[in-house]
Amino acid sequence: MDQSILDNLIVELRRGTQIIAVLSQLSRNQYGYSLLQSLEDKGIQMEAGTLYPLLRRLESQGLLQSEWDTTEARPRKYYSLSKSGREIYQAVIKEWHKLIQEMALIIKED
């Protein structure tokens, strides 16, 4: 078995779940590093170089809202789901469960 091919396929598979993982953690305000830690605590590894562009894209799509907290020595940008983001997240979760069922049937046939 070619381990590098397997590793690349696993990376591709996980990439498709990153949006769900991020949205799932933003029902409360979080800044980038706290979000990375929250995901890591749940076994999800994500690089900062992946997370921050994803947060900016989700915000530009109206799924996230953000606000700066400048009360600390280091300003932090906090993100949370917008109303639209909560609706989209619920729809994506519904689709995710459907996909899991479909894939389970396909894999079972194998």
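Could you look through region 16-52, keep only residues that are within 12 Å of the chain's Cα centre (by Cα), surrounded by fewer than 11 Cβ atoms within 10 Å (Cβ to Cβ) and farther than 22 Å from R86 by Cβ, and pick out the one that is modelled with the lowest pLDDT? Filtering first and then ranking leaves Q45. Taking region 43-81 as the range and being in a loop (DSSP other than H, G, I, E, B) and either among the hydrophobic types (A, V, I, L, M, F, W, C) or closer than 20 Å to V92 by Cα (or both) as the test, the residues that pass are I44, M46, Q61, G62, L63, A73.
D110 meets all of the listed conditions (1) out of contact with any strand residue (DSSP E or B) (no Cβ under 7 Å at 6 or more places or on another chain); (2) at pLDDT 95 or above; (3) not basic (K, R) but one, namely (2).
Somewhere in region 43-51, is a residue more than 26 Å from I100 (Cβ to Cβ) and of a type outside the set (F, W, Y)? Among the residues of region 43-51, at least one is more than 26 Å from I100 (Cβ to Cβ) and of a type outside the set (F, W, Y), which makes the answer yes.
Sub-8 Å Cβ pairs linking a first residue in region 69-96 that is aliphatic (A, V, I, L, M) to a second residue that is assigned to a strand (DSSP E or B) and surrounded by 11 or more Cβ atoms within 10 Å (Cβ to Cβ), at least 6 apart or interchain, are L81/L64; L81/Q65, ordered by first then second residue. Does K83 satisfy being under 14 Å from the mean Cα position of the chain (by Cα) and exposed (fewer than 14 other Cβ atoms within 10 Å of the Cβ)? Taking the combined requirement at face value, the residue does not satisfy it. D2 satisfies every condition listed in (1) surrounded by 15 or more Cβ atoms within 10 Å (Cβ to Cβ); (2) at pLDDT below 95; (3) among the acidic types (D, E) except (1). Restricting attention to region 82-110, the residues being outside any helix (DSSP H, G or I) and over 20 Å from P53 (Cβ atoms) number 1.
The values are calculated or read from the model by the stated rules, or taken from the named source; none is laboratory data. Predicted model only: the values in this text are computed from it and were never measured. Every residue, glycine as well, gets a Cβ built from its backbone with ideal geometry; the counts of neighbours run over all protein chains shown.
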